[in-house]
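Enquirer: One structure, as structure tokens, below. Some questions next.
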Amino acid sequence: MLDKEILQQVKGVFTSLKTDIKFVADVAEGDNNGEELKSFLADIVSCSDMLSMEINIINGGNTPAFGILRNDEPTGIVFRGIPNGHEFTSLLLAVLNADGQGKNIPDEAICRRIASLKTPAVLRTYVSLTCTNCPDVVQALNVMALINPGISHEMIDGALFQDEVSSRNIQGVPAVFLGDEQIHIGRGDLGMLLQKLEDKVGSETDTNARPVEHKFDIVVAGGGPAGASAAIYSARKGLNVAIVAERVGGQVNETVGIDNLISVPHTTGSRLSADLLAHIENYPIKVFANRKINSVSLKDKEKRIAVKGGEVFISKAVIIATGAEWRRLNLENEDKYIGHGIHFCQHCDGPFYKGRDVAVIGGGNSGMEAAIDLAGICSHVTVFEFADTLRADNVLIEKARSMSNIDIHTNSQTTGVKGDGQRLTGLTVKNRVSNEERDYAFDGVFVQIGLAPNSDLFAEEIELSPRREIPVDASCRTSVNGVYAAGDVSTVPYKQIVVAMGEGAKAALSAFEDIMRGVV
């Protein structure tokens, strides 16, 4: 089933396996998908003497599926379906992590939080094999299952189990269920998912434990292009620096194609994030990933950043590079239908709307790119832009206008979200010239109206602009001595990767200068 080149690569990956790993599969007799899974697993098993497989022929049940055993003991990891596409990496990592040599096992503090989760916890994640966000969620929950024996996690290929997807009213992926309750949909990382589980099931934690304090010269809050640049420039100046972030790469991880990073003709968001981490690892930078900042104290000479789990980061200077997240419509019922008709990523959730009518809200580059992508899947795409002209690059506008199943409306304000209580059914849109409102029926809506700065945590400590951005001067200094801001969270115009990188460098150089002068 796997071609020779891929098999050779897998053999290289598994050449150092030291643990007996067994795949135990359940398949239905005469099921083509079951036969395909048997062939798939046989190919994988052929890559190492430490791998084996056991096939059970059963009648009924949720087949095809297989679990991973380590030294004949269940790991809690199950794949229902065949983990091809983007989930192939999830399988490889599950094997490596079960062997104890995976690359995405978190640090000791995060492992303690995972081990403290109250169990049992039965988790299921519905995925699309074409979804670029799904593997992050699957891999994070697989890691939790390995660390905490009371957690089990099953990846489910939604394309193979359409009846189940329909009965659970799933309209977006990845969709995570704790038992029968959906607790997460869309992109996510280990830190985000861990916090959701802590909120849902609770933790067996020692409430009398003292916070763990970490001291540095500079703490960079955020791990995107601005944060990575700030940390690297700080380390090159000989400063003791830490990155505190939910994940390295930040919002870049959600970008599929990047063609305007100067000197790099083309890359992807996931590749750029990996390159950022590789560059960071060339320096003595301490990376505290999967951290959710709870509170900050920035006005005193000693800056303090506290994160979920009891860690506190103390430093002379702080560089805020927390970036931005997808801006929402802020309409009644919007939250109710996110993941049930309202989406933010056409690459992940577009396949659910094959042959159906959808809308894209936003006429910038991201909106036009989404419309073009969706036009190849959906029967019809309608674009609504608030302004009187489209803001996208001409090449995208011309491409969209050339496609017969895309309609574009400018001067259009979305004023209402309509649904049947379970899923979105349409939008109410106002013509800003005539003020006439009209109801449209849609199966799905993709919101592409820009980004909102991640600045709320700093609102009580630092000045914010009316747009909730952090005002900075030409040197990235903020209204508080010893605090700097860079990238999309700041007032610097043009939210671009290359701009964020430059601003991160400026912030680091300003902080170094102030430390050397004794200002901070």
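Enquirer: Inspect the stretch 138-149 for any residue being at pLDDT below 95 and over 30 Å from ARG477 (Cβ atoms) and give the result as yes or no.
Expert: Among the residues of the stretch 138-149, not one is at pLDDT below 95 and over 30 Å from ARG477 (Cβ atoms), which makes the answer no.
Enquirer: Would you pick out the residues in the stretch 160-191 that are part of a helix (DSSP H, G or I), among the aliphatic types (A, V, I, L, M) and touching a residue at least 60 places away in the same chain (Cβ under 8 Å)?
Expert: Residue satisfying the conditions is LEU190 alone.
Enquirer: Can you name the residue in the stretch 63-79 that is among the polar types (S, T, N, Q) and not in a strand (DSSP E or B) and, of all such residues, is farthest from VAL45 (Cα to Cα)?
Expert: THR63
Enquirer: Can you tell me how many residues in the stretch 362-381 are part of a strand (DSSP E or B) and either in contact with a Leu (Cβ under 6 Å, 6 or more places away or on another chain) or open to solvent by less than 10 Å² (accessible area, probe 1.4 Å) (or both)?
Expert: Selection size over the stretch 362-381: 1.
Table: residues versus (1) within 20 Å of GLU181 (Cα to Cα); (2) of a type in the set (A, V, I, L, M, F, W, C); (3) modelled with pLDDT of 95 or more.
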residue: GLY67; (1), (2), (3): no, no, yes
residue: ASP72; (1), (2), (3): no, no, yes
residue: PHE79; (1), (2), (3): yes, yes, yes
residue: ILE82; (1), (2), (3): no, yes, yes
residue: ASP99; (1), (2), (3): no, no, yes
residue: ASN104; (1), (2), (3): no, no, no
residue: LEU117; (1), (2), (3): yes, yes, yes
residue: ARG168; (1), (2), (3): yes, no, no
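Enquirer: Okay, next question. Assess whether TYR484 counts as being surrounded by fewer than 18 Cβ atoms within 10 Å (Cβ to Cβ), within 30 Å of TYR233 (Cβ to Cβ) and either touching a residue at least 12 places away in the same chain (Cβ under 8 Å) or within 27 Å of the chain's Cα centre (by Cα) (or both).
Expert: Considered against the rule, which asks whether it is surrounded by fewer than 18 Cβ atoms within 10 Å (Cβ to Cβ), within 30 Å of TYR233 (Cβ to Cβ) and either touching a residue at least 12 places away in the same chain (Cβ under 8 Å) or within 27 Å of the chain's Cα centre (by Cα) (or both), TYR484 comes out as no.
Enquirer: Out of SER366, SER295, which single residue is under 20 Å from the mean Cα position of the chain (by Cα) and small (Gly, Ala, Ser)?
Expert: The conditions single out SER366.
Enquirer: If you check ARG113, ARG80, which single one turns out to be out of contact with any helix residue (DSSP H, G or I) (no Cβ under 8 Å at 6 or more places or on another chain) and not hydrophobic (A, V, I, L, M, F, W, C)?
Expert: Answer to the selection: ARG80.
Enquirer: Go through LEU96, LEU41, LEU51 for me and flag whichever is closer than 30 Å to ARG247 by Cα and aliphatic (A, V, I, L, M).
Expert: One residue alone meets the criteria, LEU96.
Enquirer: Of everything in the stretch 397-451 that's part of a loop (DSSP other than H, G, I, E, B) and among the β-branched types (Val, Ile, Thr), which residue is farthest from GLN346 (Cα to Cα)?
Expert: The selected residue is VAL433.
Enquirer: Any residue in the stretch 321-332 that is part of a strand (DSSP E or B) and among the acidic types (Asp, Glu)?
Expert: Yes, some residue in the stretch 321-332 is part of a strand (DSSP E or B) and among the acidic types (Asp, Glu).
Enquirer: Next question. Restricting attention to the stretch 192-201, does a residue exist that is in contact with a strand residue (DSSP E or B) (Cβ under 9 Å, 6 or more places away or on another chain), open to solvent by 30 Å² or more (accessible area, probe 1.4 Å) and not in a helix (DSSP H, G or I)?
Expert: No: the stretch 192-201 contains no residue that is in contact with a strand residue (DSSP E or B) (Cβ under 9 Å, 6 or more places away or on another chain), open to solvent by 30 Å² or more (accessible area, probe 1.4 Å) and not in a helix (DSSP H, G or I).
The values are calculated or read from the model by the stated rules, or taken from the named source; none is laboratory data. The structure presented is a predicted model; accordingly, all values stated were derived computationally and were not measured. Using ideal geometry, Cβ is built from the backbone for each residue, glycine included, and neighbour counts are taken over all protein chains shown. Only protein heavy atoms, including side chains, enter the accessible area calculation; ligands, DNA and RNA are left aside. Shrake-Rupley method; radii C 1.70, N 1.55, O 1.52, S 1.80 Å.
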